[in-house]
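Novice: Quick one: this structure, given as structure tokens, is what I'll be asking you about.
The values are calculated or read from the model by the stated rules, or taken from the named source; none is laboratory data. In this text the structure is predicted, and so the values were computed from the model without any measurement. With ideal geometry, Cβ positions are generated from the backbone for all residues, glycine too; neighbour counts draw on all protein chains shown.
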């Protein structure tokens, strides 16, 4: 995992702790929901970054002449990944 993804996760973790403190301090509903939406957006961006890198690596590796994994295997792994995504 790259440093930027690790840093994003750390920021998200701090943000979640901040939301917890807001709830303990009876912050307004709208403020809490707004912060939760911000965390969701940050998680979505981090997920897309990870997915982009994973797809790139898989496709580059699968297209190498001596690759142990062919494009069909990569395709099947991606289908499983997106099936999991659809559940959430």
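Novice: Kindly provide the set of residues from segment 24-55 that are more than 12 Å from the chain's Cα centre (by Cα), part of a helix (DSSP H, G or I) and surrounded by 11 or more Cβ atoms within 10 Å (Cβ to Cβ), ordered by number.
Specialist: At the first step, the residues of segment 24-55 found to be more than 12 Å from the chain's Cα centre (by Cα) are 24-38, 55.
Next, only the ones that are part of a helix (DSSP H, G or I) stay: 24, 29-38, 55.
Result: 31, 32, 33, 34, 35, 36, 38, 55.
Novice: Further question: Among the numbered conditions (1) exposed (fewer than 11 other Cβ atoms within 10 Å of the Cβ); (2) in contact with a helix residue (DSSP H, G or I) (Cβ under 9 Å, 6 or more places away or on another chain); (3) over 24 Å from residue 81 (Cβ atoms), tell me where residue 17 comes up short.
Specialist: Going through (1) exposed (fewer than 11 other Cβ atoms within 10 Å of the Cβ); (2) in contact with a helix residue (DSSP H, G or I) (Cβ under 9 Å, 6 or more places away or on another chain); (3) over 24 Å from residue 81 (Cβ atoms) one by one, residue 17 breaks only (2).
Novice: Something else now. Report yes if some residue within segment 1-22 is within 20 Å of the chain's Cα centre (by Cα), outside any helix (DSSP H, G or I) and in contact (Cβ under 8 Å) with a residue 24 or more places away in the chain; otherwise report no.
Specialist: Among the residues of segment 1-22, at least one is within 20 Å of the chain's Cα centre (by Cα), outside any helix (DSSP H, G or I) and in contact (Cβ under 8 Å) with a residue 24 or more places away in the chain, which makes the answer yes.
Novice: Filter segment 56-88 down to residues that are closer than 22 Å to residue 5 by Cα, at pLDDT 75 or above and not in a helix (DSSP H, G or I), then give me how many there are.
Specialist: Total meeting the criteria: 0.
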